[in-house]
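What follows is a short report on a single structure.
Read-outs: derived from the displayed coordinates by stated rules, not from any lab. None of the values given here were measured: they were computed from a predicted structure. Don't worry about glycine lacking a Cβ; one is built from the backbone with ideal geometry, like all the others, and counts go over all protein chains shown.
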Amino acid sequence: MTDFIGTENSVSVQRRLQDRQPMIAQTPGLVNGGRVLHCLDPDAVGWSVVHQLAGEDKLMGFPVIDHDLALSLIHDKLGPHWKTPVWHALLGSKEQVLAACSMVIESVPLATGWSVVHHSCPNAAQLEQVQALNAETGVAPYPAYYMRSEAVPVLTTCVYDGAGDLIATASVADRYHRDSRLAGHMFAGMVSVSETKRGRGLGKLVNALALVKSQVQFGWTVATEQVAADNVASRAMIMACGLTHDAGLVSVAAMNSDETFSR
């Protein structure tokens, strides 16, 4: 198990997020995303605070926002030199998502001996397995404290083969403040499937299993996920679970460094 994972700057950001959690919990416009601080309402938070936090991290996320508005705000308020990688935001109502996920779960049976386990506070060995599979599949892992639900409630769904090896995982974070503009939403993602088990529909299955279980656990009304515009496979996996993309709605990372983000 690794408490914090990534480059020196990424680890520094993750540590600051953990230290800031008491303040974030009291600020509806801020979100601890585990790997990045997100801002839902910069006007309410105050641009002086946004400048300070973004400057410390050289990074800030702006999730589920109009594309043109996000870029205008970032370039006008933070500066034209800030890079703005964009992901399409996909959303689905509880009714849409649960209906679609039920069909996915019925259509992708587990092989004999395979099992599904949902972790809200995984132990060290479980954390190590999830972090390793994330890293192997190009997904930047969450830090350990975040996966243990010590900042916000996090559900990590795991599919194990008959030998007890982790072959697929996905996570759902109930990370949005009850008084924020995304109240009732939750964020799903971190889908990773072992290279040796691909082509079986395990990505959409583990995503569906995580969505269904998390709805019971967290009571969310809207599921949100994000995907790069050119990631056709991930888009298809997410849409199979009942989420759709509203044209123009994106999640943006404002960056003032040479860091790169996982898919």
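Between Asn231 and Ser115, what is the FRET efficiency for a Förster distance of 35 Å, r being their Cβ-Cβ separation, to the nearest 0.05?
Details: r = 28 Å, r/R0 = 0.81.
It comes to 0.75.
For Lys197, the lysines whose Cα comes closer than 27 Å to its Cα, not counting residues fewer than 8 places off in the same chain, are Lys213. Computed over the chain, the per-residue total of -39500 (n - 2.57) for DSSP H runs of n ≥ 4 gives a 222 nm mean residue ellipticity of -11000 deg cm²/dmol, rounded to 500.
Give me the net charge of Thr84's neighbourhood, meaning all other residues with Cβ under 14 Å from the Cβ of Thr84; Lys, Arg count +1, Asp, Glu -1.
After counting each charged neighbour, the total is -1.
Springs between alpha-carbon atoms under 10 Å, Gaussian network over the chain: tell me which of Thr112, Thr169, Thr156 tops the mean-square fluctuations. Highest fluctuation of the listed residues: Thr112. Between the Cα long axis of helix 94-107 and the first principal axis of the chain there is an angle of about 30°, rounded to the nearest 10.
A Förster radius of 41 Å, combined with the Cβ-Cβ distance separating Ser257 from Arg200, puts the computed FRET efficiency at roughly 0.60.
Compute the Cα gyration tensor for the chain, then decide on rounded, prolate or oblate, letting a ≥ b ≥ c be the square roots of its eigenvalues: rounded whenever a/c is under 1.5, prolate when a/b is larger than b/c in the other cases, and oblate in all that remain.
Working: a/c = 1.75, a/b = 1.47, b/c = 1.19.
The shape class here is prolate.
When the Gaussian network model of the chain links Cα atoms closer than 10 Å, the mean-square fluctuations of Leu110, Leu98, Leu90 top out at Leu110. Only aspartates and glutamates eight or more places from Lys94 in sequence, or on another chain, were considered; none has a Cα closer than 12 Å. The angle between the Cα long axis of helix 124-136 and the main principal axis of the chain comes to about 80°, on a 0 to 90 degree scale.
Region 81-97 and region 1-49 have Cα centres lying 19 Å from one another. Taking each residue as 0.36 nm, the span from Asn9 to Ser93 lengthens on full extension beyond its C-alpha to C-alpha distance by 26.6 nm. Maximal additional length on extending the Gln26-Ser72 stretch stands at 13.8 nm, based on 0.36 nm per residue less the C-alpha distance.
Could you identify which residue out of Met186, Met103, Met23 has the top mean-square fluctuation in a GNM of the chain using Cα springs shorter than 10 Å? Comparing Met186, Met103, Met23 in a Gaussian network model of the chain, the most mobile one is Met23.
With each label modelled as a point 7 angstrom along the Cα→C-beta vector, the Gln52-His81 pair spans 2.2 nm. For region 199-263, the extents of the C-alpha atoms along the principal axes are 39, 31, 24 Å, listed from largest to smallest.
Using the Cα gyration tensor of region 26-86, with a ≥ b ≥ c the square roots of its eigenvalues, what is the shape: rounded (a/c below 1.5), prolate (a/b larger than b/c) or oblate (neither)? Don't skip to the answer; put the middle values down first.
Details: a/c = 1.32, a/b = 1.26, b/c = 1.05.
It comes out rounded by the Cα gyration axes.
Using the Cα gyration tensor of region 53-145, with a ≥ b ≥ c the square roots of its eigenvalues, what is the shape: rounded (a/c below 1.5), prolate (a/b larger than b/c) or oblate (neither)? Don't skip to the answer; put the middle values down first.
Working: a/c = 3.14, a/b = 1.60, b/c = 1.96.
Oblate, since a/c reaches 1.5 and b/c is not below a/b.
The modelled label-to-label distance between Val216 and Thr244, using points 7 Å beyond Cα along the C-beta direction, is 2.8 nm.
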